[in-house]
Amino acid sequence: MTGKEKILAAFGEGSPEDIPSVLNYANLALWRGPHFWNDFAEGKPWWIKDAWDIAKLLEVEETMQRKLDIDWVWGATLCPSREWRKNHIVVPTARAVYMRDITPGAEVWQYIIEEPPPEGIHSAYPNVDLSAIIKTKEDVEKYVYVEKAEKLIEEGKTDWVEALVKKFGNEKFILSEIESPLEAACDFMGPMPSIRLFIKNPTLLKKLVDRTADAVIEQIKAYAKMGADGMWAWEWYTGEIISPAQFESIGKPAIQRCIRAAQQLGLKYIFYPTGVGKDWQAGFESILDMKPDGIHLEESKKGFDTDLSWQVNVLKTRGLEDEITLFGNVDAVNIVQEGTSEDLKSEIRRQIDIGRDEYRGRFVMDVGSPITPETSFERLTEYINLVRKHGTKRQ
Amino acid sequence: MKDKTLKKEETSMSQEEIFDGLRNAVVNYDDEGAKRLAKEAIDKGVDPLKAIQEGLVKGINQVGEKFGAKEIFLSELMIAAEACLAGMDILKPQIKAEIRANVKPLGKVVMGTVYGDIHFIGKNLVAMMLEANGFEVHDIGEDQPAEAFVKKAKEVGADIVGASALTTTTRLEQEKIVKAFREKGLKTKIIIGGAVVDPAWAETVGADGYAKNLQDAVNLAKQLMK
């Protein structure tokens with residue numbers, strides 16, 4: 001079976017045999033940690049990421065896929081437009097590396113782009129705060145732009161997705177990523193203003209979330225058109241940050257629209273919510289109501305229990321075992337990075353046994369959160385080899 | 001119009017009613033109400049320190065209990081804390097200089113989220129709760145490198161630095177912060193927190209303490225000041 005067939009089988013399309021092996025945020029965790037970059041880039045400079053040199057980035061992805069042999073290609077997301085890529089060049093000098101804008105007829109200007117530090121970086125989403133601008137429903141319409149799928153494609157913003165599909169699409173499951181609409185709307189307003197809106201102006205926030213969902217759905221359409229297989233959606237406001245009533249009225253209808261839009265286009269929607277677990281089962285149950293195709297919970301932390309056997313139990317109790325695929329959540333720090341080989345082996349075996357035997361193979365093996373920059377390449381391959389070994393169909 | 005009516009009602013409020021009003025403003029997430037009643041307290045010559053203790057702090061403690069009992073959620077706790085601080089901002093400067101001299105903060109704390117990490121909720125809540133419990137808090141915000149913690153701590157003469165990290169990839173920054181302080185010979189106590197932080201990690205990086213939750217953070221800070 002190809003990686004794609006294995007993952008589709010875990011989603012109920014075919015008979016599950018080998019347990020698929022994937023890594024969430026593979027581009028983020030691996031490309032942004034310089035030692036991983038060196039492992040996969042084979043001498044290519046770090047700034048090809050900033051320049052969006054698609055041909056070279058494809059070569060890096062190919063090396064990574066060859067060395068790690070995971071079953072999906074992560075990060076088939078929008079890239080800068082063709083026009084932007086044509087008009088921006090990277091200029092490395094002895095002093096700094098510059099991104100130079102060479103748009104014809106415009107003033108040439110440049111800015112410094114920074115090399116990731118040796119220990120790697122985590123994605124730092126920009127702190128946008130439009131709360132001073134967006135005060136009314138009309139402001140939402142005016143400032144939150146919904147870019148149509150056709151336009152995204154026409155401007156070349158889907159070129160990276162198209163390239164990945166063309167290169168790997170026959171063998172691997174191509175996974176695009178969207179920002180969940182509640183999360184995305186709150187990012188527009190900035191963290192504290194969003195929290196205030198939940199309490200003081202939920203009507204405006206709901207309008208913003210709905211509008212954001214419109215934009216996200218256009219992205220989903222564009223990804224589907226390019227041939228992606230699935231969507232990954234991370235949502236931060238699913239935990240005990242907001243009340244269940246706030247989630248039900250403000251977030252859930254928009255998230256549900258995105259899930260349905262993806263499903264209608266034949267895409268698998270994998271939901272990665274934070275803050276739900278045994279201690280907040282009501283939140284987990286609320287997510288199950290929306291019936292995404294897959295659910296991936298982070299590993300248990302600080303006594304917050306998200307153990308896989310508990311997840312299986314909840315889904316089976318609700319009769320959802322044939323509708324929702326579960327993802328493994330091996331602890332990225334305490335097991336993959338710092339655990340002994342025996343710890344790693346026994347946890348992988350335990351999770352695969354649960355996924356295969358108790359959940360009848362509707363299961364994809366993964367780590368709970370992104371691989372850390374401190375994890376060595378050897379440790380990463382040890383993890384992957386163990387998953388392959390224990391995940392192969394028993395003879 | 002509504003404000004005028006309220007103002008009229010408030011002018012005839014007793015001291016106890018003002019305290020109740022301040023407490024209710026916090027419980028009802030009403031920062032404007034907290035500000036208005038704080039001004040009212042000053043206009044009527046109510047002891048501002050008493051207004052803080054009997055009104056605002058009682059309100060935030062009541063909200064804290066509701067949060068502990070899962071009757072309310074983080075967003076509500078944060079907005080209640082904002083209302084509490086809005087009232088405090090007006091009342092605190094009115095505490096007479098001689099009283100202020102005798103009512104020193106329990107300690108000075110610099111709070112921030114580490115470099116590469118933009119999560120803020122835990123950090124903001126701890127900052128607010130520390131302030132409500134008598135600490136002088138300087139919040140340097142999110143995505144802050146070790147040098148920013150050092151700089152602010154030196155500037156304000158901090159007793160404690162609180163560094164928050166939510167992700168597996170950013171908690172390394174906590175180690176850098178501890179190192180930066182120790183390399184400069186600064187004795188500031190450093191406490192760390194965040195979803196991926198546990199006592200073992202605190203020990204690994206050489207922090208002076210780890211707080212699992214809000215109450216832990218307040219207790220730990222008080223403990224470190226002894």
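The values are calculated or read from the model by the stated rules, or taken from the named source; none is laboratory data. Remember, it's a predicted structure, so these values are computed and weren't measured experimentally. FYI the Cβ positions are ideal-geometry reconstructions off the backbone, even for glycines, and counts take in every protein chain you see. Note: areas computed on protein heavy atoms with side chains; ligands, DNA, RNA excluded. Shrake-Rupley method; radii C 1.70, N 1.55, O 1.52, S 1.80 Å.
Within the range A:203-331, DSSP assigns beta bridges of which about 10% are antiparallel (rounded to the nearest 5). Counting only DSSP beta bridges whose two residues both lie in chain A, roughly 35 percent are antiparallel. Computed extension gain for A:Arg66 through A:Gln256, at 0.36 nm per residue and net of the alpha carbon distance, reaches 64.8 nm. Under the simplified labelling scheme, the A:Ser376-B:Asp43 pair shows an inter-label distance of 7.1 nm, with each label point 7 Å from Cα along Cα→Cβ. Normalising the average separation of contacting C-alpha pairs (under 8 angstrom, six or more residues apart) by the number of residues puts the relative contact order of chain A at 20 percent.
The overall shape of the range B:180-226 is oblate: from the C-alpha gyration tensor, with semi-axes ordered a ≥ b ≥ c, the ratio a/c is 1.5 or greater and a/b is no larger than b/c.
At a threshold of 10 Å², the residues of the range B:112-140 that become less accessible to a 1.4 Å probe in the full protein assembly than in their chain on its own are B:Tyr115, B:Gly116, B:Ile118, B:His119, B:Phe120, B:Ile121, B:Asn124. A simple count of charges around A:Leu164, restricted to other residues whose Cβ falls under 13 Å of its Cβ and scoring Lys, Arg +1 and Asp, Glu -1, yields -4.
Between chain A and chain B, roughly 2900 Å² of accessible surface gets buried, counting both sides and using a 1.4 Å probe.
Compute the helix-to-body angle for B:2-11: its Cα long axis versus the longest principal axis of chain B, expressed 0 to 90° and rounded to tens. On a 0 to 90 degree scale, this one is about 80. With 40 Å² as the minimum drop in accessible area between chain alone and full protein complex (1.4 Å probe), the qualifying residues in the range B:173-214 are B:Ala195, B:Lys212.
Residues whose amide H falls under 5 Å from that of A:Tyr98, counting only those 5 or more places apart or on a different chain, are A:Val91, A:Thr93, A:Ile113, with hydrogens built in the peptide plane. Annotation for the range A:230-247 versus the range A:267-346: alpha-carbon center distance of 15 Å. Length gained on full extension, A:Glu171 to A:Lys316, computed as 0.36 nm times the residue gap minus the Cα-Cα distance: 49.1 nm. Among the listed pairs A:Lys225/A:Lys268; B:Lys104/B:Lys187; B:Lys50/B:Lys152; A:Lys44/A:Lys221; A:Lys6/A:Lys316, those with a Cα-Cα distance over 26 Å are B:Lys50/B:Lys152; A:Lys44/A:Lys221. Mark the label point 7 Å from the Cα of B:Lys187 along Cα→Cβ and return the residues of the range B:150-172 whose backbone N is within less than 16 Å of it. Of the residues in the range B:150-172, B:154, B:157-161 have backbone N under 16 Å from the label point off B:Lys187. Name the residues of the range A:347-388 whose accessible area, probed at 1.4 Å, falls by at least 50 Å² once all protein chains are in place instead of their chain on its own? When all protein chains are present, A:Glu374 each give up 50 Å² or more of accessible surface. Using the rule -39500 (n - 2.57) for each DSSP H run of four or more residues, divided by the residues of the protein assembly as shown, the 222 nm mean residue ellipticity is -14000 deg cm²/dmol. Distance between the 7 Å Cα→Cβ label points at A:Lys291 and B:Lys212: 3.9 nm. Evaluated at q = 0.08, 0.11 Å⁻¹, a Debye calculation over the C-alpha positions of the protein assembly as shown (equal weights, vacuum) places log10 I(q)/I(0) at -0.63, -1.16. Against chain B, whose longest principal axis comes from its Cα atoms, helix B:121-132 is set at around 60 degrees. A simple spin-label model places the labels of B:Glu203 and A:Ser249 4.8 nm from each other, with each point 7 Å out along Cα-to-Cβ. Between B:Asn28 and A:Arg388, the C-beta separation translates, for a Förster distance of 45 Å, into a calculated FRET efficiency of about 0.20.
Aspartates and glutamates within cross-link reach of A:Lys301: Cα-Cα under 14 Å, excluding same-chain residues under 8 positions apart? Partners within reach: A:Asp279, A:Asp331, B:Asp198.
Residue ranges A:257-269, A:97-109 sort as A:257-269, A:97-109 when ordered by packing (mean number of other C-beta atoms within 10 Å per residue, highest first).
Residue-wise HN-Hα couplings along the range B:190-201, as the Karplus relation 6.51 cos²θ - 1.76 cosθ + 1.60 with θ = phi - 60° gives them from phi, are 10, 10, 10, x, x, 4, 9, 9, 9, x, 4, 5 Hz; Gly and Pro carry x. Shape call for the range B:44-170 from the C-alpha gyration tensor, a ≥ b ≥ c root eigenvalues: rounded (a/c under 1.5), prolate (a/b greater than b/c) or oblate? Oblate is the answer for the range B:44-170, as a/c is 1.5 or above yet b/c matches or exceeds a/b. Rolling a 1.4 angstrom probe over the protein assembly as shown with all protein chains present gives an accessible area of which 50% lies on carbon and sulfur atoms. Extension gain for A:His35 to A:Asp353 (0.36 nm times residue separation, less C-alpha to C-alpha distance): 111.2 nm. Shape of the range A:187-335 from its Cα gyration tensor (a ≥ b ≥ c, root eigenvalues): rounded if a/c is under 1.5, otherwise prolate when a/b > b/c, or oblate? The shape class here is oblate.
Alpha-carbon geometry of the range A:5-118: the Rg and the Dmax are 17.8, 59 Å, given in that order. Estimated from the Cβ-Cβ distance and a Förster radius of 22 angstrom, the FRET efficiency linking A:Lys200 and B:Asp89 is about 0.75.
In this structure the amide hydrogen of A:Val73, modeled in the peptide plane, comes within under 5 Å of the amide hydrogens of A:Phe173, A:Ile174, A:Leu175, none closer than 5 places in sequence on its chain.
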